[in-house]
1. Give Lys139/Lys268; Lys134/Lys217; Lys266/Lys291; Lys44/Lys127 a once-over and call out the pairs whose C-alpha atoms are over 21 Å from each other.
2. Any idea of Leu25's accessible area? Nearest 10 Å², probe 1.4 Å.
3. Check the cysteines of the chain one by one and keep only those with no other cysteine Cβ under 4.7 Å from their own.
4. Can you give me the accessible area per residue for the chain, using a 1.4 Å probe, in Å²?
5. Could you rank Arg405, Arg70, Arg160 by how accessible they are, 1.4 Å probe, largest area first?
6. For segment 102-108, take each phi angle, set θ = phi - 60°, evaluate the Karplus expression 6.51 cos²θ - 1.76 cosθ + 1.60, and give the result in whole Hz per residue in order, putting x for glycine and proline.
7. Quick one: what are the phi-derived ³J(HN,Hα) couplings along segment 320-337, Karplus 6.51/-1.76/1.60 with θ = phi - 60°, whole Hz, x for glycine and proline?
8. Mind sorting out which of (i) 1.17; (ii) 1.42; (iii) 1.05 is the real Rg/Rh (Cα atoms, Kirkwood Rh) computed from the coordinates?
Amino acid sequence: FQGTEAPRPPGAKDLHAYPWDKSCLKSMPVDPQQFKKLDAYALKVNVKSSVEELVKALLKQARTDLEKVRAIWMWICHHIEYDVVGYHNKSQLSSKPEDVLQMGKSICEGYAKLFEQMCSVAGIQCKKLSGHSKGYGYKTGQSFTGDSDHAWNAVYLEGRWHLLDSTWGSGSVDDAFTKFTYRYNEFYFLTHPALFINNHFPDNSNWQLLKPTLTLKEFENNMLHNSNFYTLGLLATHPETPIIRTVNGKASVSVDCRTNMLFMFKLKGTDEHGLMTLKKQGMKLDLYPQKTGRHKLEIFAKPSKAEASDDVYNCVLEYIVECESVDKAMRFPKDLHQPVGPSWFSERQGFLRPSHREPIIHTNDGRCSLTFTLGKDISVLSSLHSEDSSLTEDMGRPHILQIHRGNQIELKVHLPHAGNFVLKIYSKKKSDPGNYDYIFNYLITCLNTEVKWPAFPQRYSKWLEDYEILEPLSGLLPANRNVHFKLKMHGIAKVLVQAENTYPLTHNRGCWEGTCSTSGCREVFVMVHENANHSFYSHVLKYEVETQ
């Protein structure tokens with residue numbers, strides 16, 4: 001083991017550009033997979049007699065300086081635990097490398113000193129650095145005063161300085177700071193300096209290894225992105241400051257990422273006061289807090305891979321939203337489900353080319369029509385929910401009419417009154433006997449208080465999904481009137497409309513047409529004769545007639 005010469009201070013060739021160029025999470029091209037065998041070996045080494053003996057054992061499988069550093073890193077991250085008791089009672093605590101090794105636990109100072117000592121024995125230049133960190137106890141937007149509160153290391157590899165933090169690589173402490181959990185974190189090994197500065201601010205700014213360097217004020221004001229943020233492939237957020245003020249009761253956040261991700265959010269612990277939409281590479285969130293004051297906003301993400309359904313949502317961002325005024329008009333129905341509107345997710349489920357790409361549909365006359373091209377073998381169900389939830393599911397369905405034309409589906413919606421509604425869309429494979437799965441939803445808003453559309457006519461099971469009602473669309477017919485019927489149906493021998501009397505419809509270019517009088521009856525039925533040789537009729541539609 002050669003003695004190492006005094007570490008040279010960082011120079012121009014050690015520096016990385018700030019802000020991050022979104023290329024690589026590490027400061028040199030390493031793939032954790034290349035260390036698989038070495039890592040497995042380092043974890044098994046069990047030598048506690050002295051730092052020298054431990055290093056000697058670890059280096060048996062390490063050839064290059066990079067491999068030596070990796071073996072030391074791996075061993076410390078899995079064998080030294082954070083001393084939560086010592087943290088509260090520092091006078092009893094020794095950070096000397098030999099003591100840390102014997103005890104098997106320490107605080108950041110001890111991790112960093114042990115790392116430095118082990119590198120020195122291995123003949124690798126290493127320096128212990130200290131500074132401020134956004135770690136345990138950090139509050140969004142706080143300022144840093146007084147002495148530094150954290151320690152980490154720089155190592156000299158392949159002609160450049162690199163940064164790492166074995167304390168944070170080893171695991172985490174709980175919120176009460178009473179319990180440490182080993183949870184290895186690859187992110188803090190040779191972290192790219194433009195990402196390391198996110199939560200490490202060294203006392204000596206040269207050790208940021210950045211050009212330009214950041215001031216403490218910039219460090220304080222910068223958004224904290226935790227390691228989950230980068231490990232999951234997220235790239236950027238807007239705004240880049242941790243405190244957001246509402247403008248006219250609204251605040252907006254967006255996240256960019258490399259691939260499609262699933263997101264969720266909590267504003268003061270609930271996702272009721274926002275509209276989140278999934279984008280091709282990220283998400284957008286509009287918030288409408290319904291109380292003034294400071295609210296905590298948390299954003300969670302998980303990969304979208306189908307096979308990764310057991311993945312949990314990880315918290316990737318925290319903001320403080322300062323709300324000065326409330327926009328009462330943007331109070332959403334309880335039934336609204338995040339995310340809102342169509343996305344790559346609904347597309348993946350077979351809902352292609354949506355006519356409405358935005359999450360909110362505004363209608364002035366209380367009517368709207370949505371169309372999609374459907375993937376193969378898909379059966380669709382939809383329901384309408386209002387904020388006063390007087391629309392039970394069955395009440396809600398008659399206000400939507402589904403029309404299939406080939407692989408196109410149209411959803412016609414006639415609102416029963418003004419207000420905010422949720423249109424939920426479900427699907428299943430036609431070949432599956434099982435239940436429908438919820439896919440996505442829209443918010444439909446109508447301010448026009450004159451609006452009062454009756455339900456569509458009731459459809460019976462013999463009404464096939466590619467039949468179409470051209471007229472009358474209203475399920476409530478005027479009394480004592482001649483009403484014109486026009487229905488698109490196929491594969492049928494005869495159609496009758498049964499009121500007080502029975503009226504046959506005539507077949508003309510794929511449509512059945514005719515007129516029926518509504519006088520003297522409360523209900524009107526449409527019946528079909530599937531086979532001319534049978535005398536059996538099936539009910540397909542039912543209309544109500546207005547009372548006098």
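The values are calculated or read from the model by the stated rules, or taken from the named source; none is laboratory data. The shown structure was predicted, so the numbers you read here are calculated from the model rather than taken from an experiment. We place every Cβ from the backbone using ideal geometry, glycine too, and count neighbours over all the protein chains shown. For accessibility, only protein heavy atoms count, side chains too; no ligands or nucleic acids. Shrake-Rupley method; radii C 1.70, N 1.55, O 1.52, S 1.80 Å.
1. Beyond 21 Å: Lys44/Lys127.
2. Spelled out: Leu25, probe radius 1.4 Å, area about 60 Å².
3. That list is Cys24, Cys77, Cys108, Cys257, Cys315, Cys323, Cys368, Cys446, Cys511, Cys516, Cys521.
4. On the way: 26270 Å² over 548 residues.
Result: 48 Å² of accessible area for each residue.
5. Arg405, Arg160, Arg70
6. 5, 6, x, 8, 5, 9, 3
7. The phi angles translate into 10, 9, 9, 9, 9, 9, 10, 9, 5, 5, 9, 8, 9, x, 4, 6, 5, 10 Hz.
8. Recomputing Rg/Rh (Cα atoms, Kirkwood Rh) here gives the entry labelled (i).
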